[in-house]
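All remarks here apply to the structure that follows.
The values are calculated or read from the model by the stated rules, or taken from the named source; none is laboratory data. For clarity, every value in this text was computed on a predicted model and none was experimentally measured. Using ideal geometry, Cβ is built from the backbone for each residue, glycine included, and neighbour counts are taken over all protein chains shown. Calculation scope for accessible area: heavy atoms of the full protein, side chains included, ligands and nucleic acids excluded. Shrake-Rupley method; radii C 1.70, N 1.55, O 1.52, S 1.80 Å.
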Amino acid sequence: METQTLIYLVVGATFALYVGIAIWARAGSTGEFYAAGRGVHPVTNGMATAADWMSAASFISMAGLIAFTGYGNSSFLMGWTGGYVLLAMLLAPYLRKFGKYTVPEFIGDRFYSQAARLVAVVCLIIISVTYVIGQMTGVGVTFARFLQVDTATGLYIGSAVVFVYAVLGGMKGITYTQVAQYVVLITAYTIPAIFISLNLTGNPVPPLGLFSEHTASGQPLLQRLDEVIVGLGFAQYTTLNTSMFNMVLFTLALMIGTAGLPHVIIRFFTVPKVADARWSAGWALVFIAILYFTAPSVGAMARLNIVDTIQIGEVGSPEGNLAYENRPDWFQTWETTGLLRFEDKNADGRIQYYNEANAAFAAQAQEWGWAGNELTVNPDILVLANPEIANLPGWVIALVAAGGLAAALSTAAGLLLAISSAISHDVLKSALMPTISEKGELMAARISMAGAIVLATWLGLNPPGFAAQTVALAFGLAASSIFPVLMMGIFSKRINNMGAIAGMLTGILSTCLYIFTYLGWFFIPGTNMIANTPDNWLFGIAPASFGVVGAILNFAVAYGVSRATAAPPKEIQDLVESVRIPRGAGGAVAH
């Protein structure tokens with residue numbers, strides 16, 4: 001059977017499964033729409049949380065960024081997994097004990113302020129919309145390749161699928177759909193990695209294969225990779241090629257941003273007991289670790305495969321580079337998407353792939369007759385193209401297509417639910433229409449989710465970067481706004497409503513301003529005020545790393561304002577005390 005036919009069958013079957021689950025688990029009440037009726041088993045919730053978490057950034061983009069940067073981008077792995085430890089230990093059990101549906105609802109009640117709740121809604125929407133752009137980018141990339149349509153058409157198709165199962169099922173439908181999506185995505189990620197590890201090293205365990213001997217050369221695989229890319233003017237793969245200060249900041253931003261992501265936090269509202277929230281986080285880490293242990297090997301092996309495909313002989317020799325007319329089928333397929341491009345700058349009909357930005361390598365390249373790097377590869381295609389690059393069977397390619405879509409769609413659904421819940425429950429029900437019926441609120445939630453899908457699709461057409469880069473910005477926003485106020489709300493009885501509001505506004509506005517300064521206002525191309533280069537960054541802090549600074553400002557302003565104003569009422573201080581009681585699954589003390 002042809003590969004394209006297999007792709008249609010496998011992707012079609014998974015989509016039918018998702019829609020079928022949504023129909024079976026259709027939400028019939030607001031409790032089911034927002035929190036799946038609080039009846040999800042912790043193992044099930046852990047698997048759903050892993051799918052919610054392992055988005056297009058993790059499945060599609062992360063290995064690509066690691067492949068083209070190397071050790072420096074291991075911060076993605078450390079930050080994203082470390083954040084779950086913070087979430088499990090510091091936030092999830094206490095928020096579940098509070099017994100509400102949304103993050104803004106907790107903030108509004110804890111800080112006894114409708115204004116605080118609405119500010120939290122604004123922060124949540126900014127974070128979630130930024131995050132969902134990355135997911136839609138991944139959806140577009142995957143559809144563009146595997147259904148052989150342009151990126152925009154791929155976005156529209158993916159949006160339609162999300163619309164059906166997310167709007168229909170709410171949190172209840174999304175939870176069980178995400179369990180299915182986890183099985184699909186983890187299978188799709190690990191099977192090709194096993195094949196490729198076997199091909200290159202003879203070791204079927206990819207994380208071990210990364211540190212094994214490269215069969216063709218007899219060298220350790222990482223040593224071989226360093227050798228071939230350094231020979232083409234690229235930086236050494238296994239060393240840090242960026243500022244350690246910025247790497248530490250970025251890792252911290254990812255960690256505390258993870259713990260402050262609203263669409264992740266609301267997953268812990270779905271379990272029956274407080275203890276289950278902590279167990280859910282633990283199980284989520286187990287399920288996430290399977291992919292995250294595999295990602296570094298996928299990135300390294302894919303980079304080596306690409307170089308070996310292009311560099312077929314001695315570097316610099318007339319026949320050392322692949323003739324364009326002899327390019328493999330996968331190369332031609334990805335060219336049609338525009339995500340892989342060749343420009344014959346020296347008109348020799350061969351593909352020169354090297355680091356033209358390396359001034360020290362320029363003289364050598366000129367001596368060989370090279371006129372510039374001729375191959376441009378979008379990192380987002382690497383995992384999706386990997387099975388084709390390695391000449392794996394068609395059914396593996398079809399499986400990867402389904403996995404990439406499952407990763408992007410599962411997270412997109414969780415984000416859209418967080419947005420719609422905030423609008424319908426925290427704005428409409430809480431502020432604008434407090435007497436609305438449950439049926440009316442449920443309809444409003446579905447309408448707001450549909451609106452969020454339309455907005456996310458439009459923004460996904462012009463993303464500010466690769467999927468993982470765009471998602472990293474959302475972590476900075478969550479780190480600077482939601483995480484500090486949750487921490488202070490749980491662990492400090494002295495923080496009052498004025499402090500919380502001032503802190504959130506300071507954190508989110510400072511981080512947004514810094515990001516927009518370098519990436520453009522609302523990510524619109526050409527509207528940035530300063531070029532996004534390391535030389536222009538304030539104190540060398542990258543836009544994606546600024547969330548830590550925003551968090552510090554949030555904490556400082558909140559404490560300063562709270563100390564200068566009246567302490568919270570006695571009943572609020574008692575509420576905070578009751579939330580921190582470790583035993584029991586009952587709700588917090590009423591106030």
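Can you tell me which of (1) under 30 Å from Met78 (Cβ atoms); (2) modelled with pLDDT under 90; (3) crowded, with 18+ Cβ neighbours inside 10 Å is the one Leu304 doesn't meet? So Leu304 meets the others, but not (2).
Each row is one residue, and each column tells you yes or no for (1) at pLDDT 75 or above; (2) within 18 Å of the chain's Cα centre (by Cα).
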{"position": "Arg145", "(1), (2)": "no, no"}
{"position": "Phe163", "(1), (2)": "yes, no"}
{"position": "Gln178", "(1), (2)": "yes, yes"}
{"position": "Gln181", "(1), (2)": "yes, yes"}
{"position": "Val184", "(1), (2)": "yes, yes"}
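Within region 89-107, how many residues are more than 19 Å from Thr258 (Cα to Cα) and assigned to a helix (DSSP H, G or I)? Summing the residues that are more than 19 Å from Thr258 (Cα to Cα) and assigned to a helix (DSSP H, G or I) in region 89-107 gives 3. When Ile66, Ile60, Ile126 are checked against the criterion of being surrounded by 24 or more Cβ atoms within 10 Å (Cβ to Cβ), farther than 23 Å from Val183 by Cβ and under 20 Å from the mean Cα position of the chain (by Cα), a single residue qualifies: Ile66. If you take the residues in region 77-102 that are of a type in the set (Lys, Arg) and at pLDDT 80 or above, which one is nearest to Ala63 (Cα to Cα)? Out of the qualifying residues, it is Arg96. Among the residues making up region 539-548, those that are crowded, with 22+ Cβ neighbours inside 10 Å and part of a helix (DSSP H, G or I) are Pro543, Ala544, Ser545, Gly547, Val548.
Determine whether region 324-335 contains at least one residue that is in contact with a helix residue (DSSP H, G or I) (Cβ under 8 Å, 6 or more places away or on another chain), in contact (Cβ under 8 Å) with a residue 60 or more places away in the chain and of a type in the set (Asp, Glu). No, there is no match, as no residue in region 324-335 is in contact with a helix residue (DSSP H, G or I) (Cβ under 8 Å, 6 or more places away or on another chain), in contact (Cβ under 8 Å) with a residue 60 or more places away in the chain and of a type in the set (Asp, Glu).
Per the conditions (1) surrounded by fewer than 18 Cβ atoms within 10 Å (Cβ to Cβ); (2) without any contact (Cβ under 8 Å) to a residue 40 or more places away in the chain, the sole criterion not satisfied by Ser424 is (1).
Looking across region 363-393, the residues that are farther than 30 Å from Ile60 by Cβ and touching a residue at least 12 places away in the same chain (Cβ under 8 Å) come down to Gln364, Ala365, Glu367, Trp368, Gly369, Trp370, Ala371. Among the numbered criteria (1) open to solvent by less than 20 Å² (accessible area, probe 1.4 Å); (2) at pLDDT below 90; (3) within 23 Å of Ser61 (Cβ to Cβ), which single criterion is violated by Leu221? It is condition (2) that Leu221 fails. Which ones in region 126-158 are in a helix (DSSP H, G or I) and without any contact (Cβ under 8 Å) to a residue 60 or more places away in the chain? Across region 126-158, the qualifying residues are Thr153, Gly154, Ile157. Counting only residues that are open to solvent by 10 Å² or more (accessible area, probe 1.4 Å) and touching a Lys or Arg at 6+ places or on another chain (Cβ under 8 Å), which one in region 482-500 is nearest to Pro569 (Cα to Cα)? Ranking the qualifying residues of region 482-500, first place goes to Arg494.
When region 320-350 is limited to residues that are in a loop (DSSP other than H, G, I, E, B) and of a type in the set (Val, Ile, Thr), the one that is most open to solvent (accessible area, probe 1.4 Å) turns out to be Thr336. Summed over region 502-518, the residues that are closer than 13 Å to Val561 by Cα and either open to solvent by less than 40 Å² (accessible area, probe 1.4 Å) or of a type in the set (Asp, Glu) (or both) give a count of 3.
Inspection of region 37-46 finds a residue satisfying the criterion of being modelled with pLDDT of 80 or more, part of a helix (DSSP H, G or I) and among the aliphatic types (A, V, I, L, M).
For region 351-380, residues that are open to solvent by less than 60 Å² (accessible area, probe 1.4 Å) and not in a loop (DSSP other than H, G, I, E, B) total 7. Residues of region 195-208 that are out of contact with any Gly (no Cβ under 9 Å at 6 or more places or on another chain) and open to solvent by 30 Å² or more (accessible area, probe 1.4 Å): Phe195, Asn199, Pro204, Val205, Pro207, Leu208. Annotation note: of Asn536, Asn528, Asn554, the sole residue that is buried (at least 22 other Cβ atoms within 10 Å of the Cβ) and out of contact with any strand residue (DSSP E or B) (no Cβ under 7 Å at 6 or more places or on another chain) is Asn554.
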